[in-house]
Amino acid sequence: MKTTNIIYWITTGLFAFFMLGSAIPDILVMPDAVQGFKEIGMPAYLIPLVGWAKLFGVIGILVPGFPRIREWAYAGLMIDVLGAIYSIAMSGKPPVMWAPIFVIPLVGFISYTYYHKRALRVMTVA
């Protein structure tokens, strides 16, 4: 149980850190975020919407006691990051620009898997 908790919290913390790190520039509509959206052909007016959605998703995976919200938060964050990777790849950028980003959904997947392992153990013990 202890190893499961450690892996869960490390990966969840990293996933939240990655997603929050990309949400803040979007919420503040920073020039780098605007440039990134322009490069993949997305309209700038979506930037704050995406940023706030990421922020609420991070809150959703960190706040305990709301399993359905957590499920949707994981889904939304994974759709966001996988969509970003796809958009960057389809915009013609070389794999060196988008392949390393696959670390983020991998960490999110591990976090999600260990979230369910923890929940299963709690249900089994109770």
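Rule-based calculations on the coordinates, nothing more; no lab input. The structure presented is a predicted model; accordingly, all values stated were derived computationally and were not measured. FYI the Cβ positions are ideal-geometry reconstructions off the backbone, even for glycines, and counts take in every protein chain you see.
The angle between the Cα long axis of helix 2-27 and the longest principal axis of the Cα atoms of the chain comes to about 20 degrees, rounded to the nearest 10.
As a calculated quantity, the FRET efficiency between W52 and Y86 at R0 = 22 Å, using C-beta atoms, amounts to about 0.55. Seen against the Cα atoms of the chain and their longest principal axis, helix 103-125 is set at about 20 degrees. Cross-link partners of K54 among lysines, defined as those whose alpha carbon lies under 20 angstrom from its own and excluding same-chain residues fewer than eight positions apart: K38.
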